[in-house]
1. Just the number, please: Stokes-Einstein D of the chain in µm²/s, Kirkwood Rh from C-alpha pairs, 10 °C, 1.306 mPa s.
2. What pairs in K36/K220; K79/K262; K4/K255 have C-alpha atoms more than 32 Å from each other?
3. Would you mind classifying segment 1-100 by shape? Square roots of the alpha carbon gyration tensor eigenvalues, ordered a ≥ b ≥ c; an a/c under 1.5 is rounded, otherwise it is prolate if a/b is larger than b/c and oblate if not.
4. Between M1 and E123, what is the FRET efficiency for a Förster distance of 25 Å, r being their Cβ-Cβ separation, to the nearest 0.05?
5. Would you mind putting 236-246, 250-260 in packing order, based on average other-beta-carbon counts within 10 Å, highest first?
6. Which residues' amide hydrogens lie under 5 Å from the amide hydrogen of A164, considering only partners 5 or more residues apart or on another chain, with H built in the peptide plane?
7. What distance in nm lies between label points placed 7 Å from Cα along the C-beta direction at E143 and L34?
8. Which one of L96, A209, C178 has its Cα pushed farthest toward the positive end of the charge dipole of the chain, where Lys and Arg give +1 and Asp and Glu give -1 at the Cβ?
Amino acid sequence: MLVKVKGLVLRSEDVGERDRLFRVLTAEGKIYVLAKGAISSDGKPRICLLPMLYAELVLYKKGDRYWLREYEVLEDFRKLYRELDRLLLGQYIMSLADRVAVMEQDRSALLSLALNSLYLLAETEKPCAHIKAVTELRVALDEGYAPRLEACIRCDKPPQDGKAALDVMGGGIVCSDCLNSGPTLMLPPEADEIREASLLLPLSSTVLAALRYVFTAPAKKAFSFTLPDEEAERLAEVAELYLLSHIGEDFPELKIYKDTVKEAYKQK
């Protein structure tokens with residue numbers, strides 16, 4: 001039977017010499033769509049569906065399998081291609097969504113988050129680090145990994161000085177009093193290394209407040225705050241470590257994005 005769905009293209013791969021398989025995120029879950037004859041005999045694409053395109057698809061469905069019949073691009077986020085770091089971050093977000101999305105499960109929140117993130121990357125000047133951090137934290141929320149942030153997970157009391165540490169695998173904050181009476185807190189130098197260094201991440205009162213906001217704000221307002229540069233950088237480190245530690249996976253797209261940002265920073 002024919003069905004019509006709206007979805008965000010996450011990834012595509014060639015199947016044989018002429019066909020292409022698309023992974024598409026819809027509100028009802030991730031689907032795999034086969035486009036027969038998507039590549040012409042001379043190797044040129046006949047179907048221009050690319051990752052990060054939001055489209056309305058007309059599909060032939062049989063069981064849990066889909067074949068592409070028609071499509072109309074609703075949003076191409078083409079302005080992403082003007083800046084390499086924003087393009088690469090968009091690719092990482094697509095890979096992240098592909099990793100956590102499953103078939104036949106409500107993914108409307110994830111779809112909305114991915115579209116909002118791409119819109120902010122393409123149409124605003126909001127910093128990449130901010131978009132990345134909020135996206136990662138909201139993915140953690142959507143996946144059921146939201147940490148306990150109002151009270152210490154050891155003594156059940158709110159931090160008196162507003163400062164605490166995030167116990168990544170413990171799923172909540174540890175207050176200063178409990179930290180002083182517990183194991184030594186290690187200060188992680190960089191996001192790539194802190195997973196090996198420690199799972200206790202020190203938080204300033206500002207970063208803790210930002211975490212509380214992101215995890216509790218309505219979806220449409222989750223990105224609507226600003227932080228000083230140093231605090232924004234710290235939030236980005238914490239968000240990345242927290243999510244990747246829980247989903248247990250690294251992403252090549254993330255490494256490429258981070259290496260590109262580092263290289264651009266050196267050249268300034």
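1. Working: Rh = 20.0 Å.
The diffusion coefficient I find is 79 µm²/s.
2. Distance filter (> 32 Å) returns K36/K220; K4/K255.
3. Taking the square roots of the gyration eigenvalues as a ≥ b ≥ c, segment 1-100 is oblate.
4. Working: r = 37 Å, r/R0 = 1.47.
The calculated FRET efficiency here is 0.10.
5. Those peptides, ordered most packed to least, come out 236-246, 250-260.
6. L203
7. 3.0 nm
8. L96
Laboratory data are not the source of any read-out in this text; all were calculated from the coordinates shown. Since this is a predicted model, take the numbers as computed values, not measurements. Every residue, glycine as well, gets a Cβ built from its backbone with ideal geometry; the counts of neighbours run over all protein chains shown.
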